[in-house]
Ligand code: FES
Ligand code: FES
């Protein structure tokens with residue numbers, strides 16, 4: 001039912017944890033089931049230098065967070081915004097249909113973390 005890649009990222013998730021003093025943090029959740037995903041970004045000169053995640057969710061959500069953080073590392077913000085849930089699912093060689101919504105969390109968390117970064121940047125500019 002799950003691809004080798006999903007099993008690999010579920011068993012050995014990459015980039016688990018949080019980044020202290022992250023430049024952008026995105027948290028998304030599903031209030032119905034209580035699943036929550038948080039993505040932390042370290043950004044320098046418009047490039048994502050580091051990405052970490054904390055996910056309370058199913059195995060598919062953990063695998064998607066893991067591969068999503070791998071996919072966005074080293075990318076520009078514009079490129080990272082193109083990492084949609086479809087890209088994530090393809091990178092995992094597919095997910096069962098009833099697990100697709102879990103990969104949507106990853107896309108939303110990345111977008112929110114980038115928005116958070118841009119808002120903070122804007123706010124610090126205005127404070128000058
Ligand atoms: Fe909660 Fe899928 S059951 S996000
Ligand atoms: Fe809830 Fe996948 S994150 S079922």
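The values are calculated or read from the model by the stated rules, or taken from the named source; none is laboratory data. These numbers were taken from a predicted model, which means no experiment stands behind them. Note that we place each Cβ from the backbone using ideal geometry, even for glycine, and neighbour counts take in every protein chain shown.
Below, the figures for the structure above:
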{"quantity": "Which listed residue is within 19 Å of residue 46 (Cα to Cα), modelled with pLDDT of 95 or more and within 14 Å of ligand 1 (Cβ to nearest atom), from 113, 109, 80", "calculated": "109"}
{"quantity": "Subset of region 36-54 [within 16 Å of ligand 1 (Cβ to nearest atom) and crowded, with 24+ Cβ neighbours inside 10 Å]", "calculated": "37, 39, 53"}
{"quantity": "Among (1) out of contact with any helix residue (DSSP H, G or I) (no Cβ under 8 Å at 6 or more places or on another chain); (2) buried (at least 23 other Cβ atoms within 10 Å of the Cβ); (3) more than 23 Å from residue 118 (Cα to Cα), the one test that residue 61 misses", "calculated": "(1)"}
{"quantity": "Breaking point among (1) modelled with pLDDT of 95 or more; (2) away from ligand 2 (no atom under 16 Å from the Cβ); (3) out of contact with any helix residue (DSSP H, G or I) (no Cβ under 8 Å at 6 or more places or on another chain), for residue 128", "calculated": "(1)"}
{"quantity": "Flag for residue 95 being assigned to a loop (DSSP other than H, G, I, E, B), in contact with a helix residue (DSSP H, G or I) (Cβ under 7 Å, 6 or more places away or on another chain) and crowded, with 20+ Cβ neighbours inside 10 Å", "calculated": "yes"}
{"quantity": "Residue identified as under 22 Å from residue 5 (Cα atoms), free of Cβ contacts under 8 Å to residues at least 12 places away in the same chain and more than 16 Å from ligand 1 (Cβ to nearest atom) among 90, 122", "calculated": "90"}
{"quantity": "Residue match in region 99-117 (condition: in contact with a helix residue (DSSP H, G or I) (Cβ under 7 Å, 6 or more places away or on another chain), more than 16 Å from ligand 2 (Cβ to nearest atom), without any contact (Cβ under 8 Å) to a residue 60 or more places away in the chain and on the phi < 0 side of the Ramachandran plot)", "calculated": "no"}
{"quantity": "Members of region 55-77 found to be over 20 Å from residue 34 (Cα atoms) and away from ligand 1 (no atom under 15 Å from the Cβ), listed by number", "calculated": "67, 69, 70, 71, 72, 73, 74, 75, 76, 77"}
{"quantity": "Selection within region 11-35 - surrounded by 11 or more Cβ atoms within 10 Å (Cβ to Cβ) and within 15 Å of ligand 1 (Cβ to nearest atom)", "calculated": "27, 28, 29, 30, 33, 35"}
